[in-house]
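The values are calculated or read from the model by the stated rules, or taken from the named source; none is laboratory data. This structure is a prediction, so every number in the text was calculated from the model and none was measured. Neighbour counts are summed over all protein chains in view; Cβ atoms, including those assigned to glycine, are modelled from backbone coordinates with ideal geometry. Protein only, heavy atoms only, side chains kept; ligands, DNA and RNA dropped before computing areas. Shrake-Rupley method; radii C 1.70, N 1.55, O 1.52, S 1.80 Å.
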Amino acid sequence: MPTTLLTLSDSLTQLTLAPELGASLVNWVRLSDGRALLRHSDEQALTAANPRRLACYPLLPWSNRIGGGGFATPTGWQALDANTAHEPLPIHGSAWQQPWQIVNATSDSASLELQSQSPFPYHATLHVQLTEGHLRLTLQATHLGEQPSWYGLGLHPYLPRTAHTRLQVQAGGVWLCSEDKLSSQWVELPHAWNFAEPTVLPQQVVDNAFTQWPGRARIIQADAGYQLVCEAQGSDVFLLFCPEAQNFFCFEPVTHPVNAHHLAGRPGLKLLAAEQSLQMSFSLHYQALAG
């Protein structure tokens, strides 16, 4: 069955969304020439109906991987099973694998919602707004279960990567990972991963959570003549994923490091009782570079 697409536009850009595919963003392009500002999703990617092949999707009620077969809550153990065929651990929560509903939509904005029972009852909303090349995403989760549970949020944009792509972002430290890709040790920021000045992305694989982030970053695509100025609220962690020899990378604002459910103090997670909520927002502002 063909996927229903929702199209938004402003004076500079156009965005397509697929609410049925986990509230995924499909394509965000510059109107002047169709240049992809997020990773381009072709018809094959859309037909696959897998958000991980599209441009961006929401992460909740947690981000990235959780080990140990689940996690402890104040009232007992929350068991979790693997939720993909190629990952041994549950990853990215459950919202991205469920169809969302359109609450309302205009020419430049949309509000989507999800009523989920998995892995516990919650209600989620995603508001999308386009204004003069400024894409703003606001994500909220409200716990509906009788017993409290731990929550985390995130957004998972895929961005174009060329030899000229540069990233500028500050961070105080980073979580190193063990072979199972779970956080194992926090260290102060290594020189090789210091992006305080605009820096070309590493050639080696990076898949780590960076902490003490002030919520601002720049993604500079000089060969395409633009930059994205990124700002986040409700997130002081970002995940950077740079796969080897690929034409994309991921810069993911999140509320917590990988496997925070099993780290001391559960950094970045929030325990929500019934009807309590957690919210974050992320914006990407398209700006043409001076020629």
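Numbers below:
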read-out: From S118, S107, S184, residue being touching a Ser or Thr at 6+ places or on another chain (Cβ under 7 Å), of a type outside the set (F, W, Y), modelled with pLDDT of 95 or more and part of a strand (DSSP E or B); value: S184
read-out: Residues (open to solvent by 70 Å² or more (accessible area, probe 1.4 Å), not in a loop (DSSP other than H, G, I, E, B) and not aliphatic (A, V, I, L, M)) located in region 90-104; value: Q97, Q101, N104
read-out: Test for G173: is it in contact with a His (Cβ under 6 Å, 6 or more places away or on another chain), within 19 Å of F210 (Cα to Cα) and not aromatic (F, W, Y); value: no
read-out: Test: G34 is under 15 Å from the mean Cα position of the chain (by Cα) and either farther than 18 Å from A260 by Cβ or at pLDDT below 95 (or both); value: no
read-out: First in region 119-143 and over 24 Å from N27 (Cβ atoms), second anywhere and among the β-branched types (V, I, T), Cβ under 8 Å, 6 or more apart; value: Y122/T142; H123/T142; Q140/T125
read-out: Region 70-85 - residue that is within 23 Å of the chain's Cα centre (by Cα) and small (G, A, S) and, of those, surrounded by the fewest Cβ atoms within 10 Å (Cβ to Cβ); value: A85
read-out: Residue, least open to solvent (accessible area, probe 1.4 Å), within region 187-217, restricted to residues that are part of a loop (DSSP other than H, G, I, E, B) and of a type in the set (S, T, N, Q); value: N194
read-out: Breaking point among (1) among the small types (G, A, S); (2) surrounded by fewer than 16 Cβ atoms within 10 Å (Cβ to Cβ); (3) over 30 Å from D33 (Cα atoms), for S107; value: (3)
read-out: Matching residues in region 275-291 - criterion: being out of contact with any strand residue (DSSP E or B) (no Cβ under 7 Å at 6 or more places or on another chain) and within 22 Å of Y158 (Cβ to Cβ); value: none
read-out: Contacts under 6 angstrom Cβ, first residue in region 153-168 being within 18 Å of A124 (Cα to Cα), partner of a type in the set (V, I, T), 6 or more apart; value: L153/T255; G154/V254
read-out: Top-ranked residue in region 243-281 [being assigned to a strand (DSSP E or B) and among the small types (G, A, S); ranked as surrounded by the fewest Cβ atoms within 10 Å (Cβ to Cβ)]; value: S277
read-out: Among the candidates R30, R53, residue that is over 14 Å from E252 (Cβ atoms), among the charged types (D, E, K, R) and open to solvent by 30 Å² or more (accessible area, probe 1.4 Å); value: R53
